[in-house]
Every structure is written in structure tokens, then in C-alpha cells.
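Take a look at the structure below.
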Amino acid sequence: MRTTTARAYPNIALVKYWGKADEELILPAAGSLSLTLDHFETTTTVVPAPGAGADVLELDGALADAGQTERISTFLDHVRALAGREDRVLVRSRNSVPTGAGLASSASGFAALATAAAAAFDLDLEPRDLSRLARRGSGSACRSIPDGVAVWHAGDDASSFAESVDAPDMRMIIVTVNRARKAVSSREAMRLTASTSPFYPGWVSSTEDYLQQMLAACAAGDFTRIGEITESHALRMHGLIQSTVPPIRFLNPTSHAIFDAVAEARESGIEAYSTADAGPNVAVIVRPHDAEALAGQLTAFGDVRIVGPGPGAHLLDAAE
Ligand code: 2P0
């Protein structure tokens, strides 16, 4: 075993993952597609702790609570099973993104941890197997293993992984409306959606349909169609989530105002499309040459950051 450090970036889905076919294996009910960012990274070091009785997690310099540590430890059990070892480890993780605020921190977190832990335990995994491993930590984390635009296949344990697909160059403008930790976790909200929304079966079948259309649009380099599907699918997801019992609403009035501002920008010739995850922050896709101008128009709503397609999860040298 050895000490290793890995870095991974969050991803924002253009076709969303919302609902599981298998809770234990974290298999999605439908496939999804995302853009991995080049900002808001997580950097994670795994230090072997031979003889220690338990894993220890340090998050942003502070000892993590029991719930967070247990989730990491359960994930590390998968790594230990693959390696045929029992060693406990110290995990030191730093996020440059607010944890749990709907900016996909579990994706960068588990992608970085999977990459660092696999190397710490001397596992030499193919990219698809590393993606499958990251999936066991958090579903969306499997999409932060490959670079850029990635499709996550629905399927069984062997076939459900993410891989890069070609897509036209684009930028994403992240408008941070609220940095607070969200009240309901995605995992809980997904469960409630599947068990209480009458629309859930339609959501699953229409997501598969949109994913096929999205893959065709990416292959054709059709930014307009990519954007139309992105915005429509995001609003469908939020409509679905609001249909749970009791209802959950992640978008707030500022989020809606940003969707409106982006629609107005489209009318005035800047082609851009909005999406939002399990929180009020909004991500807007735009062609590279329009990014600066649109970002300027969105500063009224919150902190604005232009991000581009980013690298997949990777190991860092000891010196970095
Ligand atoms: C996505 N989200 O596709 C969707 C859209 C949030 C909204 O994947 O239970 O943290 O760990 O598999 O990956 C967030 O869910 O959930 C998510 P688990 P995860 O990005």
C-alpha cells in the first residue's frame, strides 16, 4: 500500500439521474449525460493506517462526523474487497465547492476518493471499472471519472459505468444563488420521488428517450438541440420532484428569474439554456463566444463563474 492523492471535478448533468433501479449497487433507473467542470475540484489523499481499528475522515481540515465517516468507510469496504485487504486508512479531503449545496460535491468527492483509494490499495483498474467503483460511493460520481461530456449507462453492475462522448465545445455559467447545505439530500429525495410520485414511471421512460436524442445531438454537434433537451429535462425533473408527497421544491424565486433571464437572452440572440440540480443554483450552457456577455447579464442574480469542460479524475504527483 502507499499514500496517494487524487483530484476530481464535479459534473453537471444535461440529462439528469433521478431514481435508482438498485439502492445497494447504485444502479440508475435510466441513463444520464453530464459535463465535467474545470472548477470546484475535490483533492483527496489516502494514507494507509496499518493496525488502525477504523477509517478516519478529515473534511476541509476538520474531523468528519460519524455519518460522513460511515459512508466513506462503507465505500472503502468495496475497495478492500477488490484488493483482498483489510487495512484501514486516513482520508483527507478538501473541497473547493460548498459541500451539499447542490453543486455536485458528492460527485467530485467520490470520484477523487475512488481514484486515490484504488491506487493506495495497488488496484490497477480499467477506466470503466474505476467508474463502476466510484458509482458505489455516489451515483453521479461515476460521471466524474471520464473527461468532459460523459454518458452513464443504465444496466447491471458490470455494464453501468460512464464514458466520454464527443460533443461540441461549450461553456457553462454557474450562478450560485445559495451556498447553504440543502435540507433534503438527493438520495432521500430520490427515494421519496420513486415511492410517492405518480409521474415516476413516465419520468424513467422519457429520460431514456431524451438520452438517445441527446446522444444523437452530441454526435451531430447540434448545440441548439443539446440546449433544448437540457432545459426541458431539468424542468421535467423539478416538476417530478415537486410532485412527491410531501412535495419537495429545490428551485426558489431567484432560480426561476434566472431561467427567465436566459430565455430573454435567447430572444435577443445569445443562445443559452438553463439547468439546475437538487438546489437553487442554476447552470447555463452557452457557446464559448457568448459566455462573457451572458455572464455579465447574470451577475445580478448571484456569484457567476464561467467554467469549461474539465478533466477526468486523476492522480497527482506527491509534489502537487
Ligand atoms: C444528476 N443529481 O444527474 C442529478 C440531478 C442531482 C440532480 O445525481 O444517491 O448524489 O449518491 O447516487 O449522485 C445527485 O445524486 O445520489 C444527482 P446518490 P447523487 O446529477
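No value in this document is a laboratory result; all are computed from the given coordinates. Quick caveat, the model's predicted, so the values are computed rather than measured. Note that we place each Cβ from the backbone using ideal geometry, even for glycine, and neighbour counts take in every protein chain shown.
Among the GluC sites (Glu not before Pro) in the stretch 54-163, those located in a DSSP loop and surrounded by at most 14 other Cβ atoms within 10 Å of their own Cβ are Glu86.
Seen from all directions on average, the chain presents a Cα convex hull projection of 15.7 nm². Only Lys, Arg, Asp and Glu carry charge here, each on its Cβ (+1 for the first two, -1 for the last two); on that basis the stretch 4-167 has a dipole of about 260 debye about its Cα centre.
Give, rounded to the nearest 20 debye, the magnitude of the charge dipole that the stretch 184-277 has about its Cα centre when Lys and Arg contribute +1 at Cβ and Asp and Glu contribute -1 at Cβ. Intermediate results must be reported in sequence, preceding the final value.
Details: 6 positive and 11 negative charges, 84 e Å.
Here the size comes out at about 400 debye.
Relative contact order for the chain: 25 percent, from Cα pairs under 8 Å spaced at least 6 residues apart, divided by residue count.
Please compute the contact order of the stretch 171-307 in relative form: average sequence separation of alpha-carbon pairs under 8 Å and at least six residues apart, divided by the residue count, as a percent. Before the final figure, lay out each step's value.
Details: 182 pairs, mean separation 57.6, N = 137.
Result for the stretch 171-307 is 42 percent.
In the chain, helical runs assigned H by DSSP with n ≥ 4 each contribute -39500 (n - 2.57); averaged across all residues and rounded to the nearest 500, the mean residue ellipticity at 222 nm is -12500 deg cm²/dmol. Just checking the listed ones, Leu25, Leu240, Leu125: in the Gaussian network model of the chain with Cα springs under 10 Å, the one fluctuating most is Leu125.
Which of the helices in the chain, when you take each full DSSP H run, stretch at least 18 Å along the axis at their Cα atoms and have an average Kyte-Doolittle score of 0.0 or higher?
On the way: long enough: 66-83 (25 Å, -0.04); 105-120 (22 Å, 1.21); 200-220 (30 Å, 0.08); 223-242 (29 Å, -0.07); 253-267 (21 Å, -0.17).
Length and hydropathy pass: 105-120, 200-220.
Counting 0.36 nm for each residue step from Gln212 to Ser195 and taking away their Cα separation leaves a gain of 3.5 nm.
Using Cα pairs under 8 angstrom and six or more residues apart, how large is the relative contact order of the stretch 4-167, in percent? Mind dumping the intermediate values first?
Numbers: 380 pairs, mean separation 47.7, N = 164.
The value is 29 percent.
Close amide H partners of Lys20, meaning residues 5 or more places away or on another chain with modelled amide H under 5 Å apart, are Ala29.
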